[in-house]
Amino acid sequence: MRILLINPNQYRFPPVIPLALEYLAGALEQSGYEYRILDLCFSAEPERDLRKAILDHKPDLAGLTVRQIDTVLYQNNEFFLDRIKDFVQVIHEQELKVVLGGAGFSIMPQAALDYTGADWGIFGPGENALVVLLDQLGNGRAEPGVRNGYQRTRHFACPRKKVIDYTPYLNNQGIVGFRTSSGCTEGCFFCTEGGKKLIFHTPEITARELAELRALGHVDFHLCDSEFNQNIKHCLAVCRAVRRYAPGIRWSLYMKPEPFSAELFGLLRESGAQSITLSLDARFMRNRRLPGLKHFFALAAREGIKVAVDLSLGGPGESPAAAGQCIDFLDSVEAATVGINTYYRVYPGTPLYHAVMKNRNLQKKLIRPGRGSGFLQPVFFNRLSETVIAGLIAGKAKFRIEGAEMLTNYQRVGNCGGPSGGTVRQGAG
């Protein structure tokens, strides 16, 4: 049984290495399945290259990773599923069936499967679920539809195979990613990751993976976890393992405001962490005591780790006054840069979606820049205008309105080798 694993993502702000395909390749090799990788990110004629790969390799199945449904940004939004639909059609024309997966597909799996016309989809982690699908195909028992990868995965046990050529990515301002966990325990009002099952990668495997990449000359990395500090014990173990097996690397990561500890920040520094993107919203700052948040910034500053803030303002029930208080607080602490977002992509199942569907006044705040009446096509919620935010941050140099420039936080704070990127958050797809 042979499978062609395809990266169809041609969004290059920044170009994101398809990390998921490297973990899938490890799972397939470990299970004895043959695979080929087709990376279309920099292809000038992707449909032609896709047809050629199918003819050359004669696979039994094609797998497409869908990193995102769209760019998530209100400004200059791009919808990606039309291109995925085109690729599915090309594959079907070659009399080959298609399975979809990836972080983007997992947001609205059934809707994405129906829209693109693919045969199967895997929601959540795909390493074990893809192997099961191939087993069933071999036995003639593969029913079409969406598979739940979480039912097949308790932990990450598959070695990562370096099967992607990183050179064009690094030459075009990308950065090498890695992961230590999947899922998130938070419930941010706009986020699709909240409440998903936590699955941890063995710290020693993560560190050895980084050591192998460092031996190939890579020293700058970005963590692709939703948030690193899901579990303090696991975080400490990861940092110790990286310090032991991969000394000398530099990495950036995402964190939520808690939990944290002085020991964690010390080990982050010792393991090479250069910068943190901290996710905050007005609700957290209103409901939690601010001294703990001040301590977070103080510990990071003590260890020489820069903190960039992703600040979400204008959620349901929030006022311009609350937004101003958040901005004043962050202006008083050692944040290197603060990006403010007030336009939220609305996804079914999120707290924002449920709040909007129950309140007609909130429905008046929806913006539909594209076609369609559902939520697969981009729909945005906005209560605070850019004019209001611009007035609140006037004269405060560290603040910016998200979407106005095409840079990642690791570029803004000037670490991890310095290549620029884009406003789309790094992910594992």
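The values are calculated or read from the model by the stated rules, or taken from the named source; none is laboratory data. Small disclaimer: the values here were computed from a predicted structure and weren't measured. Neighbour counts run over all protein chains shown; Cβ positions are idealised from the backbone, glycine included.
Some notes on this structure:
- Per-region count, the range 345-365, residues surrounded by fewer than 14 Cβ atoms within 10 Å (Cβ to Cβ) and either closer than 14 Å to LEU73 by Cα or touching a residue at least 24 places away in the same chain (Cβ under 8 Å) (or both): 2
- In this structure, PRO257 qualifies as free of Cβ contacts under 8 Å to residues at least 40 places away in the same chain, within 25 Å of LEU198 (Cα to Cα) and not in a strand (DSSP E or B).
- Residue check: SER226 meets all listed conditions (1) small (Gly, Ala, Ser); (2) in contact with a Ser or Thr (Cβ under 7 Å, 6 or more places away or on another chain); (3) part of a loop (DSSP other than H, G, I, E, B) but one, namely (2).
- Of the candidates ALA335, ALA300, the single residue that is in a loop (DSSP other than H, G, I, E, B) and under 30 Å from PRO247 (Cα atoms) is ALA335.
- ASP119 being over 25 Å from the mean Cα position of the chain (by Cα) and among the charged types (D, E, K, R): no
- Listed conditions (1) in contact with a strand residue (DSSP E or B) (Cβ under 9 Å, 6 or more places away or on another chain); (2) crowded, with 17+ Cβ neighbours inside 10 Å; (3) not in a strand (DSSP E or B) are all met by LYS197, apart from (2).
- Candidate set from the range 210-240 (those that are under 22 Å from LEU264 (Cβ atoms) and small (Gly, Ala, Ser)); member that is surrounded by the most Cβ atoms within 10 Å (Cβ to Cβ): SER226
- Verdict on GLY121 being assigned by TED's automatic domain parsing to the domain that holds LYS52, in contact (Cβ under 8 Å) with a residue 24 or more places away in the chain, over 24 Å from PHE228 (Cβ atoms) and surrounded by fewer than 17 Cβ atoms within 10 Å (Cβ to Cβ): no
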